[in-house]
1. Give the separation of the Cα centroids, segment 60-106 to segment 121-145, in Å.
2. Which loop-located trypsin sites (Lys or Arg not before Pro) does segment 243-326 contain, where loop means any DSSP state but H, G, I, E or B and the Cβ has at most 16 other Cβ atoms within 10 Å?
3. Going down the table (Lys72/Lys274; Lys105/Lys310; Lys105/Lys345), which pairs top 25 Å between alpha carbons?
4. Taking each pair of distinct Cα atoms in segment 103-245 once, what is the resulting Kirkwood hydrodynamic radius in Å?
5. What does the extension gain come out to for Ala296 and Lys414, with contour length at 0.36 nm per residue minus their alpha carbon separation?
6. For segment 259-346, state what percent of all Cα-Cα pairs lands in each successive 10 Å bin, counting from 0 Å until the bin that includes the largest distance.
7. Could you identify which residue out of Asp355, Asp403, Asp46 has the top mean-square fluctuation in a GNM of the chain using Cα springs shorter than 10 Å?
8. Using the 2.2 N^0.38 Å rule of thumb for compact globular proteins, work out how the chain stacks up: its C-alpha Rg over that value, please.
Amino acid sequence: MKRLVALLLGTFAVLASPASARPAKDRRDPVVILVSIDGFRADYLDRGITPSLSKLAASGISAAMRPSFPSKTFPNHWALVTGKVPDHNGIIANSFEDPAHPGQKFTMSSDEPYWWDEAEPIWVTAEKAGIRTATMFWPGSNVAWGGTLVTEPWKQITGGTRPSDWQQFNQAASPVQRVNAVLDWLRRPAAIRPRLVTLYFDDVDTAGHRFGPDDPRTNAAIAEIDRDIGALVAGLRELGQRANLIVVADHGMASVSSERTIPLDAVADPALYKLGEAGPFAALAPTPGNEAALAAALLKAHDHMQCWRKQDIPARLRYGTNPRIAPFFCLAETGWQISAKLPAKASTGGTHGYDNAAPEMAALFIASGPDFAKRGKLAPFDNVDVAPLLRDLLKLPQASDGDGNDAPFRNIVKQR
Ligand code: AMP
Ligand code: ZN
Ligand code: ZN
């Protein structure tokens, strides 16, 4: 009897013990991990080669997500974390110029804050609210957001907000290293452990460009990243770290061939324009005095391509008001490419940047974790809805000037 009382008292003591006396495992708050698999087309998930991702999708929600236009890497990664379409978030292409900064050009390695300050990324909103963040790569995550570039007496950036932990992008860091870096951050003591993490993989996009979306070598890259996601999930379990995982892609991938090229020099005299980014779309600025001649050459019917003045780009693309967008804009039919002249060498592969409604551009979306109900496949939604979802998960107020909203996730995100 004495022993029974002692046993019962012991059980009561465990049940009633303060949180500090419980094993560390139980005390961990869930972390939000936003994973991007660059160029993971939505239907790659149906190929039967992604057991880890499929398991996550089955335990939560998934969708074929519409990227923002143009379906390029930097504009879409910025849309995902700011909730604004490229026309409003300022990253209007992977490469562009800005009349406010003559002589300067944005490239994928530009980290001067002025390129990025048209929209606030979620890690800055979170840091300002006292939520610790860490980024294992993400376009813009190495920028001192809101900071100022000072050029005298030497070039330096002052002020601004970065994630508490961030890494300078390095394509050579392997996916396994990236996963382990995230797990190491989560192994830290609670005071310096992130609550919002980003993780970025480029290999599926790289393979898609080189080999095309339907090549076995692209499937091999997909399967490899799936194993890395499996290692992330296993590592989290090992740590006792609950996580709301949101796995996205920035865009899909379409097959291309040099045989499907639109040479611009056959459409308009190259003396009439300066060509910006070209490929699935082309950005053109008239050379001085040649606006009318360029308009006459571009603004008519073309095979496999349509051109507009920026203010006449169809409204559904939500693109054309930003001063960074060149005065003339041409969009190729999906699978075709616009180039300065006919390519000298034959080539095949894949690319993206096309109409964001093209099925080939649809992007992966999966969310799973303690805050998500199991609802299976959702109807397609826009990628600017992801930032509002992140705000809900982090209990941050919604932005008043966002282009998306959390409607696709209502009744799916559990109220804690
Ligand atoms: P895209 O040309 O649109 O296919 O861009 C994809 C490429 O962007 C990847 O292969 C990466 O090398 C590059 N990239 C991704 N993230 C970053 C980053 N944070 N900084 C610089 N380059 C990046
Ligand atoms: Zn990309
Ligand atoms: Zn790409």
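1. 17
2. Qualifying residues, ordered by number: Arg260, Lys300.
3. Details: Lys72/Lys274 21 Å; Lys105/Lys310 19 Å; Lys105/Lys345 28 Å.
Violating the 25 Å limit, Cα to Cα: Lys105/Lys345.
4. Numbers: mean 1/r = 0.0587 Å⁻¹.
After inverting the pairwise mean of 1/r, the radius is 17.0 Å.
5. Numbers: separation 118, 0.36 × 118 = 42.48 nm, distance 5.59 nm.
Going from the current span to full extension adds 36.9 nm.
6. 17, 54, 25, 3
7. Top of the fluctuation ranking is Asp46.
8. On the way: Rg = 23.8 Å, N = 416, 2.2 N^0.38 = 21.8 Å.
That works out to 1.09 for the chain.
The values are calculated or read from the model by the stated rules, or taken from the named source; none is laboratory data. Note that the coordinates shown come from a computational prediction; the quantities given were computed from them, not determined experimentally. Using ideal geometry, Cβ is built from the backbone for each residue, glycine included, and neighbour counts are taken over all protein chains shown. Just so you know, the surface numbers come from the protein's heavy atoms only, side chains and all, with ligands and any DNA or RNA stripped out. Shrake-Rupley method; radii C 1.70, N 1.55, O 1.52, S 1.80 Å.
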